[in-house]
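Read through the structure below, which is laid out as structure tokens, and then see the notes.
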2 protein chains.
Amino acid sequence: MTPYAQLEARFAELHQLGHAQAMLYWDEAVMMPPGGGQARGEALAALAALAHRTLTAPEAGALLDARRATPKRLNDWQRANLRAMRRLHIRASAVPEALVHAMQIATTACQQTWRVARAANDWDAVAKPLAEVVALAREEAAALGDTLKLDPYDALLDAYEEGTRADDVALLFEDLKDFLPDFTEKVLRRQSAPLPLEGPFPRENQRKLGEEMMRALGFDFTHGRLDVSHHPFCGGVPDDTRITTRYSEDDFLESLMAVLHETGHALYQQGLPADWRWQPVGDCLGAAVHESQSLFIEMQVSRGRAFMDFAAPHIRQHLDGRQGDAAWTADNLHAHSIQVRRGYIRVDADELTYPLHVILRFELERALISGELAWWTSRKPGTSARAISGFRPPATSRTGCMQDVHWFSGLFGYFPTYTLGALMAAQWYAAAAAAMPGLEAQIAAGDFAPLVGWLRREIHGRGQLKTARALLTEVTGAPLDPRYFKAHLERRYLGG
Amino acid sequence: MTPYAQLEARFAELHQLGHAQAMLYWDEAVMMPPGGGQARGEALAALAALAHRTLTAPEAGALLDARRATPKRLNDWQRANLRAMRRLHIRASAVPEALVHAMQIATTACQQTWRVARAANDWDAVAKPLAEVVALAREEAAALGDTLKLDPYDALLDAYEEGTRADDVALLFEDLKDFLPDFTEKVLRRQSAPLPLEGPFPRENQRKLGEEMMRALGFDFTHGRLDVSHHPFCGGVPDDTRITTRYSEDDFLESLMAVLHETGHALYQQGLPADWRWQPVGDCLGAAVHESQSLFIEMQVSRGRAFMDFAAPHIRQHLDGRQGDAAWTADNLHAHSIQVRRGYIRVDADELTYPLHVILRFELERALISGELAWWTSRKPGTSARAISGFRPPATSRTGCMQDVHWFSGLFGYFPTYTLGALMAAQWYAAAAAAMPGLEAQIAAGDFAPLVGWLRREIHGRGQLKTARALLTEVTGAPLDPRYFKAHLERRYLGG
């Protein structure tokens, strides 16, 4: 076997370890009985250690070097694959296996503690495990920063969004901080309350409606499932993609929009290039592109007025909404789907205030990792916090610092990708609309095949053939630019 | 670290790989969408190859040798652990990794094909994949036989039941072949039909009844689940033990007895020694002991008359059986639970004809592995086949050679353990009854704690501290003896 072929074999095995990890994560969130947690944590830690060993083995490094010295030409996909392999190898080699193992044990335990403590609003229960996770994350960031010659926070961010630096993010976020608070005020003053929708909405009916929408968008149920978990997510592997939602019997739109959001992630995963299933080049691009796909489907498509022309009859059918009743018209349903509300909870936020939640977390986690801020220190609310809350700080840990699982599970550097994804989604959508003049009419008619076909061709099916930046520039004609997002908000919330 | 401590670390990692494998198997049978099969097969093959590599690495062999040379004393558990490690290492080293990988791919694919083909009664669809599995199994048996200096079939059997040889099994089975056909005839002539139980029995009610029975027997739901699959099984790991059943709305006893059977397996798994969770010595003994635990709960306990005194009110409560109605009395329900019927399907067989199904398969698979019989050859029915069927051969592949998944998933040498387990269960039960004079009264009162406590103390909690043979002799005072089983049958089916 050539060095390249040996590398492919090694990375195929890594992919299979990733399959096991993905399924064990899904199972933990959806199926696992509570007492299974410790054993699961150990199993995940062992898999992480094995993957790390496979990735950092001296043979892997030697093969990567040998390949560099080999003159034989590779095609574009193979070259991109090699590049992705090298990146994974370098990042993994920067961190010792013991730290990988310790991090997995600590984060699984902390996350499991958090789940119970959050419900009980019990900050004291998580303070110590969180401190341990933060300490390990800082250790990891320092090690990565050393190897990559990056600021520690940048080294973490780079895992989720290659080439993106915190200073670039801060610039984009300053722009949004200038724009969003006043814009939100304006929308709040202008918007009127839609007619209320009377529940209860039985879970089973909501599930059927969700599955129908998934099917309409092209989700392939022979290669996927819809289940229930505490927080909606998309997991699994391309040939077995699993999304989750949660149901409230008072509010069906929350669950429906979660399903549509996760369907966006799932379409990306199911649409990855089948020829490169088990290689890094066949994997998704960074977290921001992933989020841009979910927000494309949720924010750009599903909360648009045209989508409700298609969806309203299905909603009425499954949820006993009466045809002709003003509350169940497409207009009123759409008004519900774009209501803006201040609130403490990120996952409940609308697309105007959501970025402010993210900016708040970005600023805090950057300071946490740099050491400027200790995790137990309090701090005066800044622009974003004030704009989100309407100047009243949250009264409890549950609605404040304990609301999100990210830090408790060791995810630092991830939060900004939500908003990078939102900006990107608006930019992709503008390109799609330009390429397909009949797009809105197709959406209104429930004909999503052209749109999803475009996504598959331009984004999903290209895996990691290009970097996220190169792909965005090629497809949309411009690098990431917040003007698309702002224009979208102006049009939707203030436009005609 | 001492060589022993290093070995413990290595085998703990193997245990964690086993956790991933167990959960992926469970998921495949219970959750996986049909299109996920190929990717799952590849993932399982990679895990099997990784486990094989961990087990057979030269370092592992060197550590085992080093430990042999080290004079420092180990305690009984550590010594037994080392013995179990050595056995696993030797068996794994006999088979090349490529064969392990190929076997996993071939069996996953064949099993998935079988699932569809069996429903369609389509022998042609499975003939080729099965031929491949048989060829690989023969290759594996030959390699194992070479290393272990055993006949190839014995080398396979030894994986499931250490130290047991096909000739010993054949002797025991000859005894049963002499006894069971006439005995079955006698019971069939004697038994009368119980009063019919009128369905339908809604699945949800059956599930609740099953969970209630599981709880009563001591199944720990914080460390386990009950789900639905095509064939009932017990999977998972000790801290997360998952059993399945299937429901027919016409016949609740089938599902209930499957739940009780799998609960027997689950109690064994959940009762393994917590101090040795991730080591081979903390694992279950062979397949026959495992089956003896399920049959202990199902055949010895739950189909006994005393159990129905406890269960009948619960059954009536969940399934709308009327108190006072003769069909729903404990006597009539018990009569249903011990009805004997001839039939083609092993999994539907009663405890009299079940061993004959097993003997038929044992004789066939022994001949298949030795090469005396090619898998496509037809053969005249022998004693067991005639006794099972009442002399009419099955008309279709589905009710004949395609009914069981075992060979299609590469399990050869496993079938005899079902009947070894049945013999053993009767022998354990005799010992338990002798040790606890009030046992039947406790069972009738639903007080299972003393019985399950006895099982935990004498069997479950001892892991692999002793061999199956040594444990059986120590606990029951005798090596495996079919007289206990025959005496049990005489008492239940002909006795007063």
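Quick look at the values:
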{"quantity": "Chain B, relative contact order [Cα under 8 Å, separation at least 6], %", "calculated": "19"}
{"quantity": "Cut-off 14 Å between beta-carbons: net charge of the residues surrounding A:Val475, Lys and Arg +1, Asp and Glu -1", "calculated": "+2"}
{"quantity": "Percentage, to the nearest whole number, of Cα pairs in the range B:3-160 over 25 Å apart", "calculated": "41"}
{"quantity": "Under the span-like rule (Cα at least 15 Å along the axis, Kyte-Doolittle mean at least -1.0), DSSP H helices of chain A", "calculated": "A:3-30, A:37-56, A:58-69, A:97-119, A:123-148, A:166-190, A:252-270, A:305-319, A:354-370, A:416-435"}
{"quantity": "Percent RCO, i.e. relative contact order, over the range A:233-339, from Cα pairs under 8 Å lying at least 6 residues apart", "calculated": "20"}
{"quantity": "Taking the convex hull of Cα positions in chain B, its mean projected area over all directions (nm²)", "calculated": "22.9"}
{"quantity": "Neighbour net charge for B:Pro196 - beta-carbon separation under 12 angstrom, K R +1, D E -1", "calculated": "-4"}
{"quantity": "Sites B:Arg73 and A:Val347 - FRET efficiency at Förster radius 56 Å, r taken between beta-carbons, to 0.05", "calculated": "0.45"}
{"quantity": "Surface share of carbon and sulfur [accessible, 1.4 angstrom probe, percent] for the protein assembly as shown", "calculated": "53"}
{"quantity": "Rounded accessible area of B:Ser93 (nearest 10 Å², 1.4 Å probe)", "calculated": "60"}
{"quantity": "Among B:Ile297, B:Ile459, B:Val347 - extreme Cα towards positive end, dipole of chain B, charges at beta-carbon", "calculated": "B:Ile459"}
{"quantity": "Rounded to the nearest 20 debye, dipole of the protein assembly as shown from Cβ charges on Lys, Arg, Asp, Glu", "calculated": "700"}
{"quantity": "For the range A:160-219, average projected area of the Cα convex hull in nm²", "calculated": "8.4"}
{"quantity": "Eligible lysines near B:Lys186 by straight Cα distance, threshold 29 Å, same-chain separation 8 or greater", "calculated": "B:Lys177, B:Lys380, B:Lys486"}
{"quantity": "For the protein assembly as shown, the fraction of alpha-carbon pairs in successive 10 Å shells from zero, as %", "calculated": "2, 10, 18, 22, 19, 14, 10, 5, 1, 0"}
{"quantity": "Residues whose placed amide H lies under 5 Å from that of B:Val228, excluding near-sequence neighbours", "calculated": "B:Thr245"}
{"quantity": "Surface per residue (accessible, 1.4 Å probe) for the range B:169-282, Å²", "calculated": "40"}
{"quantity": "Charge-dipole axis of the range A:61-104 as Lys and Arg at +1 and Asp and Glu at -1 on Cβ define it, positive-most pick from A:Leu64, A:Trp77, A:Ser93", "calculated": "A:Trp77"}
{"quantity": "Near-label residues of the range A:312-334 by backbone N, under 19 Å of a point 7 Å along Cα→Cβ of A:Lys208", "calculated": "A:312-323"}
{"quantity": "Lys/Arg +1, Asp/Glu -1 at C-beta; chain A dipole; positive extreme among A:Leu47, A:Met257, A:Leu411", "calculated": "A:Leu411"}
{"quantity": "With DNA, RNA and ligands ignored, accessible area of A:Met213 (1.4 Å probe; Å², nearest 10)", "calculated": "0"}
{"quantity": "Cα-centre dipole for chain A with unit charges at Cβ (Lys and Arg positive, Asp and Glu negative), debye to 20", "calculated": "540"}
{"quantity": "Accessible area in square angstrom per residue, the range B:1-148, 1.4 angstrom probe", "calculated": "42"}
{"quantity": "Whole-Å distance, taken between Cα centres, linking the range A:197-231 and the range B:345-368", "calculated": "45"}
{"quantity": "Nonlocal amide H pairs with A:Val237, under 5 Å, H built at 1.01 Å", "calculated": "A:Arg242"}
{"quantity": "Where only alpha carbons of the range B:403-490 are counted, the Rg and the Dmax (Å)", "calculated": "15.3, 45"}
{"quantity": "Within the range B:433-467: backbone nitrogen closer than 16 Å to the B:Arg215 label point (7 Å, Cα to C-beta)", "calculated": "B:446-449"}
{"quantity": "Accessible surface buried upon B-A contact (total; probe 1.4 Å; Å², nearest 100)", "calculated": "2800"}
{"quantity": "Candidate residues A:Asp220, B:Asp167: accessible-area rank, largest first, probe 1.4 Å", "calculated": "B:Asp167, A:Asp220"}
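The values are calculated or read from the model by the stated rules, or taken from the named source; none is laboratory data. Because the structure is a prediction, the values reported are computed rather than measured. Methodologically, a virtual Cβ is constructed for each residue, glycine included, from the backbone with ideal geometry; neighbour enumeration extends over all protein chains shown. Only protein heavy atoms, including side chains, enter the accessible area calculation; ligands, DNA and RNA are left aside. Shrake-Rupley method; radii C 1.70, N 1.55, O 1.52, S 1.80 Å.
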